[in-house]
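Notes to accompany the following structure.
The values are calculated or read from the model by the stated rules, or taken from the named source; none is laboratory data. Not measured: the values here are computed from a predicted model. Glycine gets a Cβ as well: all are built from the backbone with ideal geometry, and neighbour counts include every protein chain shown.
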Amino acid sequence: MKKSKLVADLMHIAEVSVGYSVKVKAKDRKKIEGASDAHELLHFWYENTGMYEQREVMTALLLDRANKVLGLIKIGEGSATGCVVDEQYLLRAAILANAQAVIIAHNHPSGNLKPSVDDIKLSNKLKKAGKFINIKVHDSIILSSDGEFRSLANEGELK
């Protein structure tokens, strides 16, 4: 039997696989009650991956409806003074994990917690994009290796 052109063309299309593997039961997930809880978890991750002082790295905590952590994902990496972020990657991961909310965070290798204009713009851009698909961006946190942090939501910078 001869294949039609359409069937032959279909043989040259990549198969897309979508998945999310749950390894922690809902009752065992850490609940995030505020910026301090998020900071505690994020600080541990940054400290144990050696990411604090080398370059800026942006991560996101993916949260369920009860603000329990579904996972942590790295969404951008850069130099000592800036970071390239893939916004689509964050939203795709949030959708795949069935996240209802996210908390984004990044480190400042200099230790200066003052958000740049770009930090504020990106945080608000991600909040707006999340709103469009019903995923809340609760906060954007800046971390430093000395254990200090700054919450853009607490500072009124996340609109």
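Brief remarks follow.
- Residues of region 57-70 classified as buried (at least 19 other Cβ atoms within 10 Å of the Cβ) and either within 17 Å of Glu47 (Cα to Cα) or touching a helix residue (DSSP H, G or I) at 6+ places or on another chain (Cβ under 8 Å) (or both), total: 7
- First in region 93-120 and free of Cβ contacts under 8 Å to residues at least 24 places away in the same chain, second anywhere and outside any strand (DSSP E or B) and of a type in the set (Ser, Thr, Tyr), Cβ under 8 Å, 6 or more apart: none
- Whichever residue in region 71-104 is modelled with pLDDT under 95 and in contact with a Ser or Thr (Cβ under 9 Å, 6 or more places away or on another chain) and, among such residues, is surrounded by the most Cβ atoms within 10 Å (Cβ to Cβ): Ile75
- Odd one out for Val137 among (1) part of a strand (DSSP E or B); (2) in contact with an Asp or Glu (Cβ under 6 Å, 6 or more places away or on another chain): (2)
- Residue among Tyr52, Tyr46 that alone is over 20 Å from Lys125 (Cα atoms), part of a loop (DSSP other than H, G, I, E, B) and of a type in the set (Ser, Thr, Tyr): Tyr52
- Any hit, region 105-112, residues being part of a strand (DSSP E or B), more than 12 Å from the chain's Cα centre (by Cα), modelled with pLDDT under 95 and not polar (S, T, N, Q): no
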